[in-house]
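Below is one structure, written out as structure tokens; the observations come after it.
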Amino acid sequence: MWARAVWLGLRASAGGRRGFPSKAAHQGSRRVTAELIEHLERLALVDFGSQEAVARLEKAIAFADRLRAVDTDGVEPMESVLEDRCLYLRSDNVVEGNCAEELLQNSHRVVEEYFVAPPGPASCLMEEVLGTENMREEATSFIYVKSHQDLGSLLHQSLLLNPEGPQNHKF
Amino acid sequence: MATPMLRWCCPGRRWIFAGIGGGSRHGRGVPTGSTSSGKKGQSSVAQQPLITAQKPRKGEREWAAVVGLEIHAQIASNSKLFSGSQVDFAAPPNSLVSFFDASLPGTLPVLNRRCVEAAVMTGLALDCHINRKSLFDRKHYFYADLPAGYQITQQRLPIAVNGSLAYSVCVGKRWSQMVTRTVGVKQIQLEQDSGKSLHDNLRSQTLIDLNRAGVGLLEVVLEPDMSCGEEAAAAVRELQLILQALGTSQANMAEGQLRVDANISVHHPGEPLGVRTEVKNLNSARFLAKAIDYEIQRQISELENGGKILNETRSFDYKLGCTVPMRDKEGKQDYRFMPEPNLPPLLLYDSGSLPTGADPQQVIDIDQLRERLPELPRVTREKLVRQYGMLPEHSFALLNEVGLLEFFQNVIKETRAEPKKVTSWVLNTFLGFLKQQNLAVSESPVTPSALAELLDLLDRKAISSSAAKQAQCVKTRKNSILIKGGLPPHLQPHLTVSGGRKVPGTQRTLTNKHPEG
């Protein structure tokens, strides 16, 4: 949870969940550092191209921060809106598959019946970690693909918290 | 002694780094020669001083190593964990992939009942507490063979926790000195496997095969209760046998059905634990102990030389026989765990809590599964020892080879010879013969009946043991045993070839180096 990563620095001021944390105490630790931005960009493959974007992120975090005003002591966190539903168990029969042709049509590049991994750092990385597929998780720290997502608006929309409605800012 | 020697005493869980020149001579490599000789040379460690007539140098103290394991076992099921595509090792690329496995938008996970049963059975076999409610989470990271960008696992509340695994290691020189150790099982969780990435060197590109993507895995996390490679290998071996006995996984390391990652650190006894490194890519039973021991030695050497251990991930290079760092400049990976929003909690029941009128297909009864658990290797071995009076290490040897136990039991059924004799024959002569010919038990030209017959003859002292050994070793086509040499006349007509066919009229003689009346 990326929000949690940002709030690491807020631990000192946010010891308990009671009451509204004072604005003064919050202000300093709310700053989003350059390393954090880099970290988030690598993890989530988003592009914080400018200072405006960072400022917008900080505002979004501050807005969501108001959730902490709610006293949740002794309340079990809800993990899923499906918590009262039954988890359906499927019998162990083979009913799908055998559609390689169809699936491969989705891929930009195909070699025989294999998907070709998208070009970029991921592929270059594979050259260096030759034959050891278990290194995948470590390799992700080097994947740095720029995508042009309007993160701020997405955040606003999903949080449904922005009283001004979704903004159409370009980063 | 002129050469510096690395010795350690596994049973005492102490690692002694002792050398004439101190640590500096060892540099980066590990004198693998000393590894094996060191172990074999130790009989009863407590009494024997490690280096005779040499006082430990100033500053040299004992080291203790701590090894924890994360084992991934592929569940033996027909279809995958969350989709209905087939689980198979060898199939045309991307032919066993459903829309969900390819992570096409709009697809949802549907849990496979068999995988849940496999997890519960494994948990019961390892004496775990089965969580009546367990949850699924998403573990996010980007990689070409993970089309969804996340793996569905059980990080917060796994299906089974707090168990234990008993295994045996041999201390001392002889196989006969075995002790039982226990390692705690921290948790067992269900998770998805990823696809396979193959690197095409020629065209410098990565090819992805998603046949394996979505296959159910059991992740068994073992507590850091082990102290050397041998213990770790023994624990993994026992787990392998348990999984195979339960039928929950074929646990074949060569086919990638069982994968092991090790967490290793060293420290001085009495002091806090050291920084640990994770060693991945341990996919061979043979190299498991070696890799772990290498890493322990590397850490000891590093610390003895005044260096520091980084909390990093390393990989074992089979060709070089050493661990190499995997580039990890960013420190710990942040997987951004979040609850899997498409799956409600997994609820399990027992006979006391079964909801009335529930569809049996939709409900999993832990007590029912417990009743249906197959016999565990530990129990089988105990039975063998009790029933046939064999030594514990013999029971281990019988279970260690695929098909050998069944062969042994079939011979016992048909022969009049004493069980001890049968045991000795099967484990020494027969198994030795197979190994020499590089055959599996299933490929043996000697059938249980034939061996039983042979042992009967031996029992009646009709033939000598050396003759019998020779008879067994001579094989012909069609599984028949051709027995050469002198045979007392009154036995000739009674001699049959394996398979029960008598070959009339053929002079059969037995070579008899020690003529018997």
### Query
When A:Phe63 is evaluated against the numbered criteria (1) more than 12 Å from every other protein chain (Cβ to nearest Cβ); (2) surrounded by 12 or more Cβ atoms within 10 Å (Cβ to Cβ); (3) closer than 25 Å to B:Arg156 by Cα, which criterion, by number, is the only one it fails?
(3)
### Message
Checking B:Val363 against (1) β-branched (Val, Ile, Thr); (2) in contact with a Phe, Trp or Tyr (Cβ under 9 Å, 6 or more places away or on another chain); (3) without any contact (Cβ under 8 Å) to a residue 40 or more places away in the chain; (4) within 15 Å of B:Glu278 (Cα to Cα): exactly one of these is not met. Which one?
### Response
(4)
#### Entry: B:Gln368, sole failed condition from (1) assigned to a helix (DSSP H, G or I); (2) under 30 Å from B:Phe396 (Cα atoms); (3) open to solvent by 60 Å² or more (accessible area, probe 1.4 Å); (4) touching a residue at least 24 places away in the same chain (Cβ under 8 Å)
(4)
### Boolean, B:Gly123 is buried (at least 21 other Cβ atoms within 10 Å of the Cβ), outside any strand (DSSP E or B), modelled with pLDDT of 95 or more and within 14 Å of chain A (Cβ to nearest Cβ)
no
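In the range A:96-108, which residue that is in a loop (DSSP other than H, G, I, E, B) and within 7 Å of chain B (Cβ to nearest Cβ) is nearest to B:Ala213 (Cα to Cα)?
Per the criteria, the residue is A:Gly97.
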#### Entry: Count of the range B:345-365 residues which are surrounded by 12 or more Cβ atoms within 10 Å (Cβ to Cβ) and farther than 20 Å from A:Asp92 by Cβ
4
### Query
Do you know which residues across the range B:106-119 are away from chain A (no Cβ under 12 Å) and open to solvent by less than 10 Å² (accessible area, probe 1.4 Å)?
B:Ala119
### Task
Answer with yes or no whether B:Asp350 is within 14 Å of chain A (Cβ to nearest Cβ) and closer than 25 Å to B:Ile242 by Cα.
no
#### Entry: Within the range A:76-95, considering residues that are open to solvent by 80 Å² or more (accessible area, probe 1.4 Å) and at pLDDT 90 or above, the one nearest to the other protein chains (Cβ to nearest Cβ)
A:Val95
### Query
Residues in the range B:135-152: is at least one free of Cβ contacts under 8 Å to residues at least 40 places away in the same chain, touching a strand residue (DSSP E or B) at 6+ places or on another chain (Cβ under 8 Å) and within 18 Å of B:Gln189 (Cβ to Cβ)?
yes
### Query
So how many residues does the range B:207-257 have that are over 14 Å from the mean Cα position of the chain (by Cα), small (Gly, Ala, Ser) and under 25 Å from B:Arg156 (Cβ atoms)?
3
## Note on the structure
Here the residues within the range B:146-158 that are farther than 20 Å from A:Val46 by Cα and over 27 Å from the mean Cα position of the chain (by Cα) are B:Arg156
### Task
Would you check which residues across the range B:275-321 are away from every other protein chain (no Cβ under 12 Å), assigned to a loop (DSSP other than H, G, I, E, B) and not β-branched (Val, Ile, Thr) and list them?
B:Arg276, B:Ser284, B:Asn305, B:Gly306, B:Gly307, B:Lys308, B:Leu310, B:Asn311, B:Leu320, B:Gly321
### Message
Given the condition in contact (Cβ under 8 Å) with a residue 12 or more places away in the chain, of a type in the set (A, V, I, L, M, F, W, C) and open to solvent by 50 Å² or more (accessible area, probe 1.4 Å), answer yes or no: does some residue in the range B:255-268 qualify?
### Response
no
### Query
Going through the range B:93-105 one residue at a time, which ones are surrounded by fewer than 20 Cβ atoms within 10 Å (Cβ to Cβ) and more than 7 Å from every other protein chain (Cβ to nearest Cβ)?
B:Phe99, B:Ser103, B:Leu104, B:Pro105
### Message
Quick test of your reading of the structure: B:Ser197 fulfils all but one of (1) surrounded by fewer than 21 Cβ atoms within 10 Å (Cβ to Cβ); (2) of a type in the set (S, T, N, Q); (3) within 14 Å of chain A (Cβ to nearest Cβ). Name the failing condition by number.
### Response
(1)
### Query
In the range B:200-222, how many are among the charged types (D, E, K, R), open to solvent by less than 30 Å² (accessible area, probe 1.4 Å) and in contact with a Lys or Arg (Cβ under 7 Å, 6 or more places away or on another chain)?
1
### Query
For the range B:79-92, how many residues are open to solvent by less than 20 Å² (accessible area, probe 1.4 Å) and facing chain A (nearest Cβ under 8 Å)?
4
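So which residues in the range B:271-296 are among the hydroxyl-bearing types (Ser, Thr, Tyr) and in contact (Cβ under 8 Å) with a residue 60 or more places away in the chain?
B:Tyr294
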### Message
Can you tell me which of (1) at the interface with chain A (Cβ under 10 Å from one of its Cβ atoms); (2) closer than 30 Å to A:Glu112 by Cα; (3) in a strand (DSSP E or B) is the one B:Asp261 doesn't meet?
### Response
(2)
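The values are calculated or read from the model by the stated rules, or taken from the named source; none is laboratory data. Computed from a predicted structure; not experimentally measured. Every residue, glycine among them, receives a Cβ derived from its backbone with ideal geometry; neighbour counts consider all protein chains shown. For the accessible areas, the whole protein counts, side chains as well, though only heavy atoms, and no ligand, DNA or RNA atoms are used. Shrake-Rupley method; radii C 1.70, N 1.55, O 1.52, S 1.80 Å.
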